[in-house]
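Trainee: Dropping a structure here in C-alpha cells format, bear with me for questions.
The values are calculated or read from the model by the stated rules, or taken from the named source; none is laboratory data. Model, not experiment: these values are computed from the prediction. In this analysis, Cβ positions are derived from the backbone assuming ideal geometry, glycine residues included, and neighbour counts consider all displayed protein chains. These accessible areas exclude ligands, DNA and RNA; they are computed on the full protein's heavy atoms, side chains included. Shrake-Rupley method; radii C 1.70, N 1.55, O 1.52, S 1.80 Å.
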Amino acid sequence: DGNVIASGGMDGHLILWGAATGDILQVIRAHVGGVLSLIFSHDGQMVISGGADESICLWQTENGRPLGQFWACKGVIRDLALAPDGNTLASAGGDGYVRLWDVARRETIGGLRGHTADVNAVDFSPDGRLLASAGDDDTVRIWDVERRCELAQLSAHTAWVNSVRFNPNGLLLAS
C-alpha cells in the first residue's frame, strides 16, 4: 500500500520503515547471515525474506510478527518472486535449484532443475504460466510452471546472469 519500506542487510536484520516519515517501525532478526532477498505479498500484509542461512521467512508487515518459515533449501536464497496468484513463491537457490512453494500451506510444491550452478534471479510472467531464471551457468531458462518443465535455455551470455525480469505484458524479458 506504499506505507512501508522493507530493507535487509548482511547483518541478518530486516528493517521495516515508515514510507512517509522514514522512521524505523520494526527491526527484526530475520536470518543468521545476510538477508539476500525481499518481496512483499501482493496485498502488502506480508514481507517474505530469503537469507544466507538457506531459509525463507514470512513476516507480518504491520508488526513484524513471524508467520512461517521454509527450510527445504541447500543453498543461500538469492532471489524471490511471487506469482500473480499471490500464493506460489519461487526461490533462486545457491544450490542450482529453483524451488516453488505454496505460501498458504508453508510447503514446497516442486523444484526446477536445469541450471548447473547457482541460480541468481527468478521472475514470473504476468499471467503466472511462465517462470524465468538466471544463473551463474551463464544462462537464462524459461519454465512452464504448471508442467514443471524447461521450455527454453538462452545461452548468449558469456558470464554470470544476475537479473531477469518480464515486462508488464509478458512479451519481453530482460536479463
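Trainee: For LEU67, indicate whether it is hydrophobic (A, V, I, L, M, F, W, C), out of contact with any helix residue (DSSP H, G or I) (no Cβ under 8 Å at 6 or more places or on another chain) and free of Cβ contacts under 8 Å to residues at least 40 places away in the same chain.
Mentor: So LEU67 passes the test.
Trainee: Same structure again: Identify all residues within the stretch 139-163 that are aliphatic (A, V, I, L, M) and closer than 19 Å to GLY93 by Cβ; write none if there are none.
Mentor: Within the stretch 139-163, VAL140, ILE142, VAL145, VAL161 qualify.
Trainee: Inside the stretch 96-122, can you point out the residues that are of a type in the set (S, T, N, Q) and surrounded by fewer than 14 Cβ atoms within 10 Å (Cβ to Cβ)?
Mentor: THR116
Trainee: Do the conditions hold for GLY86, that is, is it in a strand (DSSP E or B), in contact (Cβ under 8 Å) with a residue 24 or more places away in the chain and on the phi > 0 side of the Ramachandran plot?
Mentor: Criteria not met by GLY86.
Trainee: Taking the conditions exactly as written (open to solvent by 70 Å² or more (accessible area, probe 1.4 Å) and either modelled with pLDDT of 95 or more or among the basic types (Lys, Arg) (or both)), does ARG129 satisfy them or not?
Mentor: Yes, satisfied.
Trainee: Let me ask another. With the requirement that a residue be surrounded by fewer than 22 Cβ atoms within 10 Å (Cβ to Cβ) and within 17 Å of ALA19 (Cβ to Cβ), what does the stretch 44-59 give you?
Mentor: GLY44, GLN45, MET46
Trainee: Does GLY22 count as at pLDDT 95 or above, open to solvent by 10 Å² or more (accessible area, probe 1.4 Å) and on the phi > 0 side of the Ramachandran plot?
Mentor: Yes.
Trainee: Looking at TRP160, TRP101, can you tell me which residue is assigned to a loop (DSSP other than H, G, I, E, B) and within 14 Å of ASP79 (Cβ to Cβ)?
Mentor: From the options TRP160, TRP101, the qualifying one is TRP160.
Trainee: Let me ask something else. Provide a single number: the residues in the stretch 8-56 that are of a type in the set (A, V, I, L, M, F, W, C), touching a Gly at 6+ places or on another chain (Cβ under 7 Å), part of a strand (DSSP E or B) and within 19 Å of VAL119 (Cα to Cα).
Mentor: Selection size over the stretch 8-56: 4.
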